[in-house]
Amino acid sequence: MNKNNLGLLDIARKQIKNACEKLNSDSMVYEVLSTPNRVLEVSFLAKMDDGSLKRFTGYRSQHNDLCGPYKGGLRFHPAVCMDEVKALSTWMTFKCGVVGLPYGGSKGGITLDPRDYSKGELERISRAYAKAISPIVGEDLDIPAPDVNTNGEIMVWMLDEHTKVTGKFAPGTYTGKPVEFYGSLARTEATGYGVSSMAIAAAKKMNIDLNSARIGIQGFGNVGSFTAKYMVEKGSKIVAVQDHTGCIYNENGLDIDELTEYNKVNRCIKGFPNSTPVDESIITMDVDILFPCALEKQITKDNAAYVKAKIVCEGANGPTTPEADEILYKNGIVVIPDILANSGGVTVSYFEWVQNLQRVTWSFEEVQSKQSKVMNDAFEEIWNIMNEYTVDMRTATYMKSIKRISQVLELRGI
Ligand code: GLU
């Protein structure tokens, strides 16, 4: 197990337990939801460009399918391990529950650093993985999608391989595909669009003027870059962005269109013109809204007391530990939890799946307005639970999700 990921599943369990206690749920509910139903570990070979064969390890964790087929992304990262996919699949169940999607939760990945491989090698690795997990994947069984370091192109390779193995063309088996091939308009933007709209909704409740708001974004992949774009549209200034190469700063706001272009070419933000490199971690910077959009466990008991933002909006999955949550709550900082904040990705994955099953295409505006409605309705309900029970927003979000899943549990039985 990778050391950095020790305890991720314990974190997920603690979050579920907190909410079950507040709801006075039957102990059976926690018992059902605290452990994934099935975890597959696969080992497979892929041909490298020099003709040699290399062995890789991948996983697919299927947490719970009470509300429908398993659903969740696939990541390529050196830290991918059993504990991580188990925790991430658990969060997917609750994420789908929060916005009422007819899905359960899953997650998978391959332990590798994609920067170490050529495009051809990545295609062969992706295909071998898709073949290895194909017995437990399907349009009405388990539906993968992009996550950290994966994208639409990779989903098409995997879908193509799955089709060869099964002999049946079912495009809804993978979501997050390119629009040219059974993808949905507004899917690429969906997670960042949702993350920004949840921060906007919270800012409104808290009387924070977005026109003069200072923003910090950790991570500038798909989620971070689209979150930045939509916050700039609201008039906010992105004063700091951090990625794996460091943190850059501009008091007057970074030019996000130019930074997005720069990042595409250089695959990092380091050296971006009109910015100053800074040593300080973005987590503790003087900003109004902080968006952790990178990886897990970024806000911990060691730095939480120094967070200056009024809102922390989690674009990443699991960026805040439970100890940090307590400190932030005591300091009056509103944390919009991952399972709500970044639920836009899976919400539009669901819309893609519906379009695939019906062989229809919806317009960009139709998809985005449907996404807005689903997420803003969930936000309002959660804000009310938060005030009614005097709990933090994460607990309120779990409570909403658990309420729904428990109803299904009661109806279906174990
Ligand atoms: N990887 C995204 C997430 O963590 C999207 C999952 C999906 O679309 O199934 O929510």
Here, helices (runs of 4 or more DSSP H) confined to region 336-409 with at least 1 residues that are over 17 Å from the mean Cα position of the chain (by Cα) and without any contact (Cβ under 8 Å) to a residue 24 or more places away in the chain are 344-358, 364-389
Note to self: I'd like to check something: does region 117-134 contain any residue that is in contact (Cβ under 8 Å) with a residue 12 or more places away in the chain and closer than 30 Å to K400 by Cα?
What the structure shows: no
Scanning region 79-102 for residues that are part of a helix (DSSP H, G or I) and of a type in the set (G, A, S), the one surrounded by the most Cβ atoms within 10 Å (Cβ to Cβ) turns out to be S89
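Let me confirm something: among D325, D338, which residue is within 16 Å of the ligand (Cβ to nearest atom), at pLDDT 95 or above, of a type in the set (D, E) and under 14 Å from T397 (Cβ atoms)? Break it down stepwise before answering.
On the way: D325 fails: within 16 Å of the ligand (Cβ to nearest atom).
Going through D325, D338 in turn, just one is within 16 Å of the ligand (Cβ to nearest atom), at pLDDT 95 or above, of a type in the set (D, E) and under 14 Å from T397 (Cβ atoms): D338.
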Subset of region 37-65, residues closer than 23 Å to G344 by Cα and surrounded by 21 or more Cβ atoms within 10 Å (Cβ to Cβ), comes to R60, S61, Q62, H63, N64
Considering residues that are in contact (Cβ under 8 Å) with a residue 60 or more places away in the chain and surrounded by fewer than 24 Cβ atoms within 10 Å (Cβ to Cβ), the number found within region 217-235 is 2
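I'd like the residue in region 343-364 that is surrounded by 23 or more Cβ atoms within 10 Å (Cβ to Cβ) and not small (G, A, S) and, out of all such residues, is nearest to the ligand (Cβ to nearest atom).
The residue in question is V346.
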Exactly one of V156, V80, V165, V98 is within 24 Å of N356 (Cα to Cα), within 14 Å of the ligand (Cβ to nearest atom), at pLDDT 95 or above and of a type in the set (A, V, I, L, M, F, W, C), and that residue is V98
Given the conditions (1) within 30 Å of I405 (Cα to Cα); (2) more than 16 Å from the ligand (Cβ to nearest atom); (3) touching a His at 6+ places or on another chain (Cβ under 9 Å), every one holds for G104 apart from (2)
Per the filter on region 51-106, residues among the hydroxyl-bearing types (S, T, Y) and more than 16 Å from I133 (Cα to Cα) are S52, T90, T93, Y103
Within region 83-95, of all residues that are more than 8 Å from the ligand (Cβ to nearest atom) and of a type in the set (A, V, I, L, M), the one nearest to G109 (Cα to Cα) is V85
Would region 285-307 turn up any residue that is at positive phi, part of a loop (DSSP other than H, G, I, E, B) and of a type in the set (S, T, N, Q)?
no
Taking region 327-339 and the residues there that are under 13 Å from I311 (Cβ atoms) and aliphatic (A, V, I, L, M), the one that is surrounded by the most Cβ atoms within 10 Å (Cβ to Cβ) would be V335
Residue set V98, V80; condition in contact with a Phe, Trp or Tyr (Cβ under 8 Å, 6 or more places away or on another chain) and among the aliphatic types (A, V, I, L, M); output residue V80
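The values are calculated or read from the model by the stated rules, or taken from the named source; none is laboratory data. Quick caveat: nothing in here was measured; it's all calculated off a predicted structure. Don't worry about glycine lacking a Cβ; one is built from the backbone with ideal geometry, like all the others, and counts go over all protein chains shown.
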